[in-house]
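K.L.:
So that we are looking at the same thing, I have put the structure below in structure tokens.
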Amino acid sequence: MDEPFTFIDSKSKSEMIEDIIDFLGEDKILIYITRSSEDLKKFDRVFYFENGKLLETGHLKELMCKKGKTYKKIKGEKKK
């Protein structure tokens, strides 16, 4: 899914993502493309791509502790 909820309010979007994750269950994989750091908290694994290259992967908390690209991107968003 590539930014499927762009024009939906954040509360509805959050509920829909949780419903989709619940529907898929433990044995399926959801690939969700987003620029929203809030959405990342819902997923087990984050893949950070830049210019078509994978730069970082891990759980969001892990990536924030490393203070790499994901950390800088999210901290930059919060300043705006």
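Read the figures in this text as sums done on the coordinates, not as results from a lab. Every value quoted in this text rests on a predicted model; they were computed, and no experiment measured them. Using ideal geometry, Cβ is built from the backbone for each residue, glycine included, and neighbour counts are taken over all protein chains shown.
The rows are residues; the columns are (1) of a type in the set (Ser, Thr, Tyr); (2) under 20 Å from residue 5 (Cβ atoms); (3) assigned to a loop (DSSP other than H, G, I, E, B).
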| residue | (1), (2), (3) |
| --- | --- |
| 26 | no, no, yes |
| 54 | no, no, no |
| 57 | yes, no, no |
| 61 | no, no, no |
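K.L.:
Within 24 Å of residue 7 (Cβ to Cβ) and in a helix (DSSP H, G or I), is that true of residue 42?
P.N.:
no
K.L.:
Can you name the residue in the stretch 31-77 that is among the small types (Gly, Ala, Ser) and surrounded by 11 or more Cβ atoms within 10 Å (Cβ to Cβ) and, of all such residues, is farthest from residue 19 (Cα to Cα)?
P.N.:
Top of the filtered list is 68.
K.L.:
Restricting to the stretch 1-44, name every residue that is within 23 Å of residue 72 (Cβ to Cβ), in contact with a Lys or Arg (Cβ under 9 Å, 6 or more places away or on another chain) and of a type in the set (Phe, Trp, Tyr).
P.N.:
Answer for the stretch 1-44, where residues must be within 23 Å of residue 72 (Cβ to Cβ), in contact with a Lys or Arg (Cβ under 9 Å, 6 or more places away or on another chain) and of a type in the set (Phe, Trp, Tyr): just 32.
K.L.:
If you check 23, 5, which single one turns out to be surrounded by 11 or more Cβ atoms within 10 Å (Cβ to Cβ) and aromatic (Phe, Trp, Tyr)? Break it down stepwise before answering.
P.N.:
Numbers: 23 fails: surrounded by 11 or more Cβ atoms within 10 Å (Cβ to Cβ).
Step by step, each of 23, 5 is checked, and only 5 is surrounded by 11 or more Cβ atoms within 10 Å (Cβ to Cβ) and aromatic (Phe, Trp, Tyr).
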